[in-house]
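Written out below as structure tokens is the structure these notes cover.
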Amino acid sequence: MSKLPGNAGVTVLGDKSLEFYRDPVTFYRQRMDAHRVFQSRVLNRPTVFVCSVRGARELLYEKSSIFLKDPTDLMTNMYGDTIVTTNGEEASLLRLSFSSLFTGSSLESMKEHITGVCERHLKNLSSGQPECAYSVFKSLGTELVLGLFLNVRPEEQPELYEEISQLCTLHWHGLISAPVSVKVPMWSSGFSIALDARQKLMAIIKDKLQNDKVGFVGALGSLPLPDSSSASQHLLLFISALIPKALASLLTSFTLALSGNEQEEIRRKALRDCDYLHSALLEVQRLWPPFIGGRRIASEDCTIAGFQVPKNYGAIYISHAVHRDPEVFEQPDSFLPERWSGRNAGQEHLLCSFGNGPRSCIGAKLADVFLKGTCTYLLKHYKWCVDPPSQDLQYKWLPVSRPANRPSLLFSRLDVSKLPDDSAA
């Protein structure tokens with residue numbers, strides 16, 4: 001065993017949280033050496049940063065029972081005890097209870113809703129004016145989530161839909177703000193506003209759970225959950241603004257990667273071949289993961305990639321770095337969908353865009369169905385390009401990845417009758 005490279009600093013004065021959260025990619029690149037593992041101090045805790053595939057596999061799979069979720073995490077304050085915030089046996093039982101709602105026939109029944117949302121939301125993209133891609137896709141993701149999980153659709157209940165959308169946004173902004181609840185005349189802290197939004201959302205959710213007997217809400221009521229509040233807390237999590245933002249992040253990256261005449265052949269191959277579309281989406285997740293990574297706490301002394309990690313150390317895996325590990329991914333900074341049918345065939349489990357291992361995102365398969373359905377619709381009905389072409393597309397990575405300046409794209413409608421018969425659609 002070897003000592004961790006880097007310096008964990010001293011209490012408070014040595015904390016690097018601001019530097020890390022301002023620009024996590026520059027932060028890790030300045031500190032990472034050939035080992036792709038180093039230590040620093042974040043959230044005033046000595047922390048190991050994991051930037052290799054090997055280290056991430058150990059953290060998320062092999063030693064997941066040692067590296068636990070932080071019980072003081074803001075997610076617990078905002079969502080309560082859920083599948084994301086609990087540890088150990090309780091988390092495993094919750095995952096087992098919910099798995100039937102995100103797999104098999106339940107997942108198949110969601111496809112019709114996904115197709116309908118895509119057709120309604122994307123049919124008017126070719127207005128002749130550039131569209132803010134991220135905003136379009138975030139709105140699409142919101143409609144998908146609220147329709148699937150709450151049976152609330154904008155064409156049926158426009159006022160309720162708008163109310164929930166706004167409350168979810170307020171709740172999310174509070175989650176990423178300082179956890180200080182302050183109210184004074186004429187002003188409230190973001191966290192305080194988020195707690196108010198949470199209370200209103202929970203009232204709507206509890207009403208839905210009591211009165212809706214169909215769809216996801218109805219199925220949720222029949223699950224063997226640990227207590228009476230579990231269903232409502234999980235529904236709050238499932239409709240959070242985080243999910244539409246993550247979907248918008250990936251769809252924005254997909255359209256940018258396949259934008260312009262020079263990518264015409266890639267677009268054609270992705271439309272003709274479902275496997276190639278899958279590879280293109282894997283490559284989008286690899287290069288532009290929606291989340292920068294995740295954080296755990298070591299419950300005992302252990303090792304990561306051969307380095308000593310003391311008990312109570314934090315551990316952060318950086319998906320941006322893990323996905324660019326040159327030991328696994330040749331030409332790690334290049335967009336090469338073909339790698340997933342070649343050298344990296346069968347290795348999609350090495351990605352950690354949605355976490356990995358026994359605590360990976362339970363909705364990852366649903367996200368995959370949604371992304372494939374949406375991208376197929378886009379490829380079948382549109383060609384697109386960045387407009388204006390001189391935009392700054394440099395990425396920001398927190399709270400979800402996307403170009404810092406929201407990109408605008410010009411969509412042009414295709415003549416569907418001229419598409420090849422063997423297209424993926």
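The values are calculated or read from the model by the stated rules, or taken from the named source; none is laboratory data. No experiment lies behind these values; they were computed from the predicted model shown. Cβ atoms come from the backbone with ideal geometry, glycine included; neighbour counts cover every protein chain shown. For accessibility, only protein heavy atoms count, side chains too; no ligands or nucleic acids. Shrake-Rupley method; radii C 1.70, N 1.55, O 1.52, S 1.80 Å.
Consider only pairs whose beta carbons are under 8 Å apart and that are at least six residues apart or on different chains; among these, list those whose first residue lies in segment 125-144 and is closer than 16 Å to GLU163 by Cα and whose second residue is part of a loop (DSSP other than H, G, I, E, B). Between residues of segment 125-144 that are closer than 16 Å to GLU163 by Cα and residues that are part of a loop (DSSP other than H, G, I, E, B), the close pairs are THR142/ALA241; GLU143/ARG153; GLU143/PRO154.
Considering (1) farther than 22 Å from SER99 by Cβ; (2) surrounded by 18 or more Cβ atoms within 10 Å (Cβ to Cβ), the lone condition that ASP196 does not fulfil carries the number (2). For segment 277-315, filtered to residues that are assigned to a strand (DSSP E or B) and within 16 Å of the chain's Cα centre (by Cα), the residue that is surrounded by the fewest Cβ atoms within 10 Å (Cβ to Cβ) is ARG295.
Going by what's in this entry, would SER412 be described as touching a residue at least 40 places away in the same chain (Cβ under 8 Å), touching a Ser or Thr at 6+ places or on another chain (Cβ under 8 Å), over 15 Å from ALA248 (Cβ atoms) and of a type in the set (Gly, Ala, Ser)? It is true that SER412 is touching a residue at least 40 places away in the same chain (Cβ under 8 Å), touching a Ser or Thr at 6+ places or on another chain (Cβ under 8 Å), over 15 Å from ALA248 (Cβ atoms) and of a type in the set (Gly, Ala, Ser). Would you say CYS51 is over 30 Å from ALA8 (Cα atoms) and either in contact with a Cys (Cβ under 7 Å, 6 or more places away or on another chain) or touching a residue at least 12 places away in the same chain (Cβ under 8 Å) (or both)? The answer is no for CYS51. Give the residue that is nearest to GLN199 (Cα to Cα), with candidates limited to residues of segment 137-173 that are of a type in the set (A, V, I, L, M) and more than 17 Å from the chain's Cα centre (by Cα). Checked segment 137-173; the qualifying residue nearest to GLN199 (Cα to Cα) is LEU167.
Restricting attention to segment 44-89 and to residues that are among the aliphatic types (A, V, I, L, M) and touching an Asp or Glu at 6+ places or on another chain (Cβ under 7 Å), the residue that is nearest to ASN356 (Cα to Cα) turns out to be VAL53. Within segment 63-81, if we keep just the residues that are open to solvent by less than 60 Å² (accessible area, probe 1.4 Å), of a type outside the set (Gly, Ala, Ser) and assigned to a loop (DSSP other than H, G, I, E, B), the residue that is nearest to GLY174 (Cα to Cα) turns out to be ASP73.
Among the numbered conditions (1) of a type in the set (D, E, K, R); (2) under 21 Å from SER232 (Cα atoms); (3) buried (at least 17 other Cβ atoms within 10 Å of the Cβ), the only one that GLU162 does not meet is (3). From the list SER109, SER127, which residue is open to solvent by 60 Å² or more (accessible area, probe 1.4 Å), small (Gly, Ala, Ser) and assigned to a loop (DSSP other than H, G, I, E, B)? It is SER127. Within segment 355-378, being open to solvent by 40 Å² or more (accessible area, probe 1.4 Å) and not in a helix (DSSP H, G or I) holds for one residue alone: CYS361. If the condition is being among the small types (Gly, Ala, Ser) and within 20 Å of the chain's Cα centre (by Cα), then segment 316-354 contributes SER319, ALA321, SER353.
The test for being more than 30 Å from PHE191 (Cβ to Cβ) and over 20 Å from the mean Cα position of the chain (by Cα) holds for GLY104.
In segment 11-35, the qualifying residues are those that are hydrophobic (A, V, I, L, M, F, W, C) and within 24 Å of the chain's Cα centre (by Cα), and the one that is surrounded by the most Cβ atoms within 10 Å (Cβ to Cβ) is PHE20.
Take the conditions modelled with pLDDT under 90, open to solvent by 30 Å² or more (accessible area, probe 1.4 Å) and closer than 30 Å to THR11 by Cα and apply them to GLY104. Does it pass? Answer is no for this residue. Look through segment 36-62, keep the residues that are at pLDDT 95 or above and in a loop (DSSP other than H, G, I, E, B), and return whichever of them is most open to solvent (accessible area, probe 1.4 Å). Across segment 36-62, the extreme among qualifying residues is ARG36. Of the candidates ALA219, ALA257, the single residue that is of a type in the set (A, V, I, L, M), surrounded by fewer than 24 Cβ atoms within 10 Å (Cβ to Cβ) and more than 23 Å from TYR134 (Cβ to Cβ) is ALA219. The residues of segment 222-250 that are in contact with a helix residue (DSSP H, G or I) (Cβ under 6 Å, 6 or more places away or on another chain), open to solvent by 10 Å² or more (accessible area, probe 1.4 Å), assigned to a loop (DSSP other than H, G, I, E, B) and under 17 Å from LEU209 (Cα atoms), listed by number, are LEU223, PRO224, LEU225.
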